[in-house]
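Structure record follows, encoded as structure tokens.
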């Protein structure tokens with residue numbers, strides 16, 4: 001377990017507790033000796049989301065989505081590892097991937113885990129989780145009905161609004177109707193209403209919303225922001241707007 005110590009000690013707060021903590025504890029073999037793992041339990045802050053809370057929550061939810069269609073694809077595992085390599089470097093990517101493999105062997109209580117996240121994590125960060133889950137779902141180029149249903153369940157129990165869920169889902173399509181859905185407007189909106197909708201969504205999806213989790217995750221959140229901009233540009237082009 002020592003190889004996980006630095007990563008976990010670097011930021012586990014409320015995820016050390018509840019159903020997520022149970023899954024992580026089982027995956028690591030034991031998580032009751034704070035000193036062995038480099039954890040000082042007096043420093044845990046159950047009410048504050050840390051980078052460790054985010055990563056741990058993401059790994060657990062990724063496992064739930066990957067298991068939902070009854071098969072674990074190499075493309076999914078490669079996507080996850082690539083995400084962690086780009087975000088945190090090779091060493092932590094290897095640790096997170098090993099942790100994921102261990103969690104994949106467990107029964108994941110999706111509702112309980114999602115409710116824990118919904119109660120502890122701020123809304124903008126929950127949106128980023130959903131965005132990343134769609135990324136893993138589409139790693140093989142196709143989102144299966146089972147995977148979509150699991151992401152929908154996660155979003156529901158995390159308290160994600162329906163319009164926000166549909167907006168993020170639409171970011172992963174490149175047709176004009178999806179572009180409007182990404183901006184949470186109908187195709188018959190006026191140009192002025194369209195611009196207002198874009199400004200509203202740009203604020204909602206701005207990477208600064210998750211900057212408190214570190215520069216690495218802020219950079220990842222920038223992908224969602226760029227997808228939003230691309231959707232807006234498609235609509236502008238179709239309307240002949242500058």
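Here, each number is a calculation from the coordinates, and none is a lab measurement. Treat the numbers as computed from the prediction; the structure is a model and nothing was measured. Cβ coordinates were reconstructed from backbone atoms using ideal geometry, including for glycine residues, and neighbour counts include every protein chain displayed.
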Quiz item: Is the shape of the chain best called rounded, prolate or oblate, per the rule: a/c under 1.5 gives rounded, else a/b larger than b/c gives prolate, else oblate, with a ≥ b ≥ c the square roots of the Cα gyration tensor eigenvalues?
Solution: prolate
Exercise. Treating the angle as unsigned and between 0 and 90°, give the value, to the nearest 10°, between the Cα long axis of helix 215-239 and the longest Cα principal axis of the chain.
Key: 20
Practice problem: Rank 50, 125, 162 by mean-square fluctuation in a GNM of the chain with C-alpha springs under 10 angstrom and give only the top-ranked residue. | Solution: 162
Quiz item: For helix 145-158, what angle does its Cα long axis make with the longest principal axis of the chain, in degrees from 0 to 90 and rounded to 10?
Solution: 80
Practice problem: Rounded to the nearest 500, what is the 222 nm mean residue ellipticity of the chain from helices alone, with -39500 (n - 2.57) per DSSP H run of 4+ residues and division by all residues? | Solution: -21000 deg cm²/dmol
Exercise. Show me 185-195, 170-180 ranked by packing, highest mean number of other Cβ atoms within 10 Å first.
Key: 170-180, 185-195
Exercise. Any chance you could give the angle, 0 to 90 degrees and rounded to 10, that helix 74-88 forms with the longest Cα principal axis of the chain?
Key: 80
Exercise. Could you tell me which of rounded, prolate or oblate describes the stretch 136-218, using a ≥ b ≥ c as the square roots of the eigenvalues of the alpha-carbon gyration tensor, with rounded for a/c under 1.5 and, failing that, prolate when a/b is larger than b/c and oblate otherwise?
Key: oblate
